[in-house]
Each structure stands twice: as structure tokens, then as C-alpha cells.
1. What pairs can you find where one residue is in the range 216-231 and of a type in the set (D, E, K, R), the other is surrounded by fewer than 24 Cβ atoms within 10 Å (Cβ to Cβ) and in a helix (DSSP H, G or I), and their Cβ atoms are less than 6 Å apart, with a gap of 6+ or different chains?
2. Have a look at Leu428, Leu398, Leu416, Leu385 and point out the one that is among the aliphatic types (A, V, I, L, M), in a loop (DSSP other than H, G, I, E, B) and crowded, with 20+ Cβ neighbours inside 10 Å.
3. With respect to the numbered conditions (1) part of a helix (DSSP H, G or I); (2) surrounded by fewer than 22 Cβ atoms within 10 Å (Cβ to Cβ); (3) modelled with pLDDT of 95 or more, which one is the sole condition not fulfilled by Arg274?
4. Would the range 91-101 turn up any residue that is in contact (Cβ under 8 Å) with a residue 60 or more places away in the chain and more than 25 Å from Leu453 (Cα to Cα)?
5. (1) touching a Leu at 6+ places or on another chain (Cβ under 9 Å); (2) of a type in the set (A, V, I, L, M, F, W, C); (3) more than 17 Å from Ile430 (Cα to Cα): which one isn't true of Leu342, the others all being true?
6. From Ser265, Ser296, grab the single residue that is part of a helix (DSSP H, G or I), crowded, with 17+ Cβ neighbours inside 10 Å and among the polar types (S, T, N, Q).
7. When only residues in the range 462-490 that are among the basic types (Lys, Arg) and at pLDDT below 95 count, which is farthest from Asp320 (Cα to Cα)?
8. Against the definition (under 24 Å from Trp225 (Cα atoms) and either in contact with a Gly (Cβ under 7 Å, 6 or more places away or on another chain) or touching a residue at least 12 places away in the same chain (Cβ under 8 Å) (or both)), how does Pro120 come out, yes or no?
Amino acid sequence: MANSLNVLWLAASLAAGLLSSASAGNLEPAAPEAAPQASQPAKIRTSPRKTLKLLAFDRSGQALNLQDFLAFIGRADMSKPADPRLSGIIVTAPDETSSAKPALEQEGDTLTLSWDRYQPIHISLPWPVNGEGFSTVWMDKNGAGYGDGDAVLVNEEIALTQYRRFKDSWRKRTLEWYPLYKPGAKSRKAADLAKDRMAQALEQKDPPARARAFDAALQAVSAAWRQTLFEHGLQIALNDRFNLPLRFGLVIDDGIFQRLDHYQSLIQAVKRGRANWVRLVFRSNPDDFVYASQRSFNEYDAIVKELREKGLRIMGAALDTSQWPRGMTSAVYAERVKNLALHYRDDIRSWEVGSELNGDWLGGVNSPFDPEQVHRIYSAAAAKLKGIDPTFETVASLYWWDGTAPDHEHSLFGWLKRYGRQGFGRDLDIVAVSLQPDDNPVGMALESIFERLNQELPGQRFMLGSLGYAEKDKLQGYYWLEPDDVEAARENLLGLLTASACAMPRSLCGGFWWQTLDQMFPGKGRTTGLYRSYAKTLEQLGR
């Protein structure tokens, strides 16, 4: 198959091209370019189905059939044979107004992707980057999108698209951002390596060798982008103008009630780790769900008092995403939020009144609320809080899982497209992004997530909200760095994303590690390498 389709793959590669040198300074590889193709508006069609031919290679240069391809891009716990419906691949119209899951099939020696709604399409998918781990990446034919009958060398198209996006990020950060990004020697060296490897890949003719060369280029792009975001985030965090509003926090959830005999030393350790905020999650409290009784506050009163005495600011999480009871109504939830806010109005001025609102598990995984119910319940609570005191800070978090969500309606941007029109941003001060990279690969997608949020909610403030990786010691989802080193992946992700969050537009930084108690403070005064790594990152950021 590789020999017979050689011409097709080379033609597709040259058509994709790279941006002109004017778009990204010295990051343009010295190679011939095709003229960029303008994006076209999405056209809705119902038939016939459109088909894209795919050729993808693994690390050894072996062309992948359907099952091998799905295993290559799949989760560690994906069943065998892998299910194409769970591939994490989605197609979108170029204007990104809608998305769909395409069909993947094997037709003889050819791997095909087919769809029936949009033409042209952009494609996103999870992809393992050698030495870096899984990212969500894009293929978009230089922005023009793919049409029926196109043929794609997947390794090449991913590298071309991600490199173009990296160059665009570099240009904006060095020319348009405030404060402007000032690349250090390490970042410039990484960017130069990416440029050189892209040029080398473009010179390869044989498809397996070309795929390997573009894999090496993609690895260099990922490393350069990671270094750029970390360094720019560091520069912003150390800039005096941004010093006060930025927040770096850890989470105290209801696991604290198993540690009440030493909660003071635990809070002291949080402070010693240089965090300046705590996300305090209030338990479901089924005997008094709305917190109408003083007894419901007794233990929390002592915790809040200790946090404030240590100089830690508190974001109260009114209810964890997994604890929405089936019978909850707008009135009941608004009453809960009201009682919590009034009781702590002198000590807690920031409230997360909606947690991972676009999840499909709120109300119970067996019979969850529909998105309309969730938005209605959240909206009532946000309005109630602002009605009590407009100076209360309201926060809502959205769960990013746009490649792995069950449908467009529950994806972050599918949900936001609908409820943004219905007033989601009303009575809301901050939108937080919830990331779980083992379930939904992030990597090079981080900047794209925040850029899209800025487009959908102009003028809004953002931050990295709930963050975690691998609830158990053994990875079940997508790996970061290496598949078998969960602890190293956690430490790397926490440091990288904490700093990089500061380099996002209109961001307050953030990053509240969800399993703080279990993974940083395992008990009896002990701390872990994850805690020490986090403290070191915050020290670098000037905390």
C-alpha cells in the first residue's frame, strides 16, 4: 500500500505546506512552500458519505491497519479488539460550530475515515508523541480542511498542523502579548530544533521514512511549545503587575473528616508548600443538604478559621460534581448556596457554584440530569449568590473532554455554544477549566482550549480549575511521559500546567490538584514527591 499511494501522500503533504516566514519570524524551515488555502464556510450535506483515506505509521515504520491504529492512539485499558467508536477522533466544520464522531473502517489495505455532515472538515485525535506522552492534536490541511477523496499521511499532517499552530503562538506572544514573551536561550534552541526537523522531514520521499521524520519533528514541536508556555508563564507570574490576583491552590475535600485529629498540621503543610488559595469542597451532607442547621458547620468552622489564620484564601466549592443528588431542584440548590455563603460571608468571598457542568454524570451515572436541568439549577444558584451580595466572586468549572465526550452536547464547546447563548456568563466572574489528562489528553491542546474559551466568552476571566492524573497508582487511560511511571507524570504535569496556565489569555493561573489529600498528604505528617515538586514550582513562580 505504501508504494502504490506514494504520490498521493506526497501531493497531500505539499498541498498542506507551511505558513510564510512573515507569520513566525525565524521559525520557518528552509523548504519550498505551497500557497496557503483559505478556509471555506461549512456546508451541511446529508448524502452521500464522504471518505478520507488514511495512512499512518508506528514508531518502527510499520503501516497501521485499523486495529493497530486504534491500539496506537488508544487508552491503556482499551478493550481488544479496540472499538472505533471510542477512538477519541472527532471531525468538525472549519468554523468549529459543530462536531461529530466519524466512522473508521478497513477497506482492503486502506484505512478510511468517513462522515456525512460537513465538508470540508478538520480532525482532532489523541496521539502519542514520542518522549512527550499523549496530546490531543489536529489535522486541518493548512486550514482549508479535507474533502471527499482526499488522502492523508497522518504522521505528516499532524506535525504540519501543530507546527503551524506553534508558530502562530510564538508570533502572538513575542509581538502582541502583554507582557511580551522574551524567549530564553533554551526556548530558542528548542524552536530552532523544531524548525530544522520540519525541514528535514519535508525532504524525505519514502512514506515510512517521511512518517518517522515527521514524528521526530512533532516531538521537537511539542518540547518547544511546552518550554515556551512554561517560560512565558514564569515571566508573567514574576511580573509585579500580575502578582496579586494570581492564584495557586490545593484542594481540601471531604476526606478531611477522616483527618480531623491533625487537620491543623495538614493546613500548615499546605501553607508551607507556597499555595495561596484552597479549594474547600463542602460535602453532600444528606441529613441536612441545604445546611440549614448550625451543626452542619461545626467541623468546617474550625477548618475555615485555621485556613484564614494561615493567610490562605478560600474558594468554596458548593457541591462536588459527583455528588449531585437525583432529586435536586433549582430551589434546593440555591438554598444550599445561600446558606453556605451567608454563614461564611466574612471568610469566603469566592464560590464555585457550578462544578464540571457539562459532565454526563451529574445526578448519577445511571440516570443523570439532562444538560438543560443542570444549567437551570446552576443559574439559579449563581443568581441567588449575586442577589445576596454582588461582590461575591462566582466561579463555574467546565470539563474539557471534547475528543472523548459521549456527544457534542456534553463536550465543553458544544455545551458552551448552546448555553452561552442562554446566558451562561451572566452572574459569573470566572470560568475554570477542569482537566484530567489521563482520560482526555491535553499536551499541545492546552493553548487551543483557552483560546477557544476567549472567543466564546470575550471579556471573561479564566483559570485552570480542578486538575488530576490517574486516581490509582496504575494508569488506566492515556499516558504522559511514559506509560509506566505514574508518579513522574503527575509531577511533570502539575509543574508544567501550573506555570503554563499563567501564560493563557486573561488567566488567573490556578490549578487545584484534585487528589491533594491522597496524593500529597498520605497521612501521619508525611508528604510525597508530588507535594515537593509542586512547592518547587511555586517557588520558581515567585510565591
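1. Glu231/Ser187
2. Of Leu428, Leu398, Leu416, Leu385, the one residue that is among the aliphatic types (A, V, I, L, M), in a loop (DSSP other than H, G, I, E, B) and crowded, with 20+ Cβ neighbours inside 10 Å is Leu428.
3. (1)
4. No, that holds for no residue.
5. (1)
6. Values: Ser265 fails: crowded, with 17+ Cβ neighbours inside 10 Å.
Matching residue, one of Ser265, Ser296: Ser296.
7. To start, the set of residues in the range 462-490 that are among the basic types (Lys, Arg) comprises 472, 474, 490.
So of that shortlist, the ones also at pLDDT below 95 come out as 472, 474.
Numbers: Lys472: 19, Lys474: 24 Å.
For the range 462-490, the residue satisfying everything is Lys474.
8. In short, no.
The values are calculated or read from the model by the stated rules, or taken from the named source; none is laboratory data. The structure presented is a predicted model; accordingly, all values stated were derived computationally and were not measured. Counting neighbours? That spans all protein chains shown, and the Cβs are built from the backbone with ideal geometry, glycine included.
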